[in-house]
1. So which chymotrypsin sites (Phe, Trp or Tyr not before Pro) in the stretch 63-112 pass both tests, a DSSP loop state and at most 12 other Cβ atoms within 10 Å of the Cβ?
2. Restricting to DSSP loop positions (anything but H, G, I, E, B) with no more than 16 other Cβ atoms inside 10 Å of their own Cβ, which trypsin sites (Lys or Arg not before Pro) remain in the stretch 267-339?
3. Normalising by the residue count of the stretch 3-131, find the relative contact order in percent from Cα pairs under 8 Å and 6+ residues apart.
4. If a/c stays under 1.5 just call it rounded; otherwise compare a/b with b/c (prolate if a/b is bigger, oblate if not). Do that for the stretch 3-131, with a ≥ b ≥ c from the square roots of the Cα gyration tensor eigenvalues.
Amino acid sequence: MTLYSKIRIIFLVSLIFVSAFFASYFYIQKAQHFQKIEKRYIQTSLFLHKYFRQSARNGDRLDFDDPSLNLYLKESSFKLIDDAQTIKTIRNHAHSVRKRRVLHSRFEILEIKQRMYLWLKHPHFELLLEDQQENSFPWQIFFWYLISLAFLSGLYLWLTRSLEPLKILQERIHRVAQGDLKISFKSDAKDEIAEVSNAFDNALKKLESLIQSRQLFLRMIMHELKTPIGKGKLLNAFLEDVSQKESYEAVFERLELLIEEFSKVEQMLSAKYVLKVSRYNARDIIEQAVELMFIDEEEVQKQVHITEEKPLILLSDFELLSLAFKNLMDNAIKYSPDHRVSIAIKEKSIVFANKGARFTHNIQAYQQPFHEKRHGLGLGLYIVYTIMEVLKLKLIYTYENNENQFIITLPAE
C-alpha cells in the first residue's frame, strides 16, 4: 500500500468520524429543541384546561376575551385565532407534528409555512393558538460541520502537496535505475524530503564519479592493449614461417576478441548497452559461442557435444547471449576432469552439463565477481548471471548424476 493510499484512508476515516459526530449532535439537538417546544405547549394546554375548568366550577361563561387569559397568552407568546375560516384552512393544510392527551383535553401541534400552532380540543370547547415565538432550529450546526469538512479538505490538500516532492524524488530514482545519472536531486526546501534529495544527489555525484573513473580506467587499459596487439600484428606480417605466423595471428585475434568482450561487459554493467532483441535459433547462438571460444575444429569435436531434442527459438540479444553461453562452456571445459561440456537443447530450456564435483560453496557465492576459487578471476559466472538478468532469462543450477548442470529457461508467457 502506498503512502498516498494510507493518507487517503486516514482522511476518509476522519471524515466518517466527523460526520458521525455532527449527525449524532444534530439528532440530540433536534430532539432537545422539539422537547423544549413541546414542554411549552403542554404547559399552555394545562393552564387553559385549568382556567376553563375553574370557570366551569364557578358557573361562569367561557370568556375568551378575559384580560387575564389574554395576558397569559401574550406572555407565553401565543395568539388566539377566532376566525372560523382561518381555523378551517389551517386545520386542513397544516402538518401534524405531535398529538397528545392532556387531562381531558387532546392537543395537537401543527405546522404550516414554518409557523407553529397549538390545537386544543376539550369536550366543552376548541381552541387554535398561533405560536408567536421564533422556533427555528439552530442550523449553525451545519455551518460548523461545513467548516470542519473544509478544514479536513484543506489539511488533506496541504499534506498531499507537501508530499509532492517525494513523488518527484521517486520518479527521478526510477530514471537513475534506468541509467540516467545526469539527473539532479538538488532541492532548496527546508523539510526532511529536501534533506533526503540533497543527500541522494551527493551520493549520486560520487557514484557517477566512480563510474566515470572505472570507465576511463578500463578504456585506457583496452587502448593500451590494442597498441601492442596492433604492433604485434604488423610485425607478424613480416614473418616467413607460415605456421608460426598463423599461430601468432590466432593469438592476436583471441586477444582482440577478449578486449571486445570486456568492452561489452563494461557497457552492460554501466547500463549503456542497447539491447538488439530479435528471434534467433538457439543452435545458432551456441555455434557463435563456440566460435568465441577460439578453439580449433578438432578440439570442438572432442570437448563440445550438442544435442537438439527440438528446435528452440529465443527472443534475445544474439551477441550478449552467445557471450553468456561462451562463459558457461569455458567454465564447464576448464573445471571438468574430462574437459567436456554437453549442451542439450530442449523445448523450453537449454542445459549445459559437465562432469565433476559439486560446487564447494553456495551457488550465490559464484555469482559475485572475484569470488574465491583456485583458478582465474572468478568473473565467468558473474558475467553469465548478469547477462541473464539483463535478458530476463532464468538460470538454475542443479547437481545430478555426478554432473553440474546449468539450465536456462525461457520466461513464462
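Computed from the coordinates by the stated procedures, all read-outs in this text should not be read as laboratory data. Bear in mind the structure is a predicted one, so any value in this text is a computation, not a measurement. Because the Cβ atoms are built from the backbone with ideal geometry, glycine has one as well, and the counts that use them run over all protein chains shown.
1. Phe64
2. Here the trypsin sites (Lys or Arg not before Pro) that fit, given the DSSP loop and packing criteria, are Lys272, Lys276.
3. Once normalised by length, the contact order is 17 percent.
4. Taking the square roots of the gyration eigenvalues as a ≥ b ≥ c, the stretch 3-131 is prolate.
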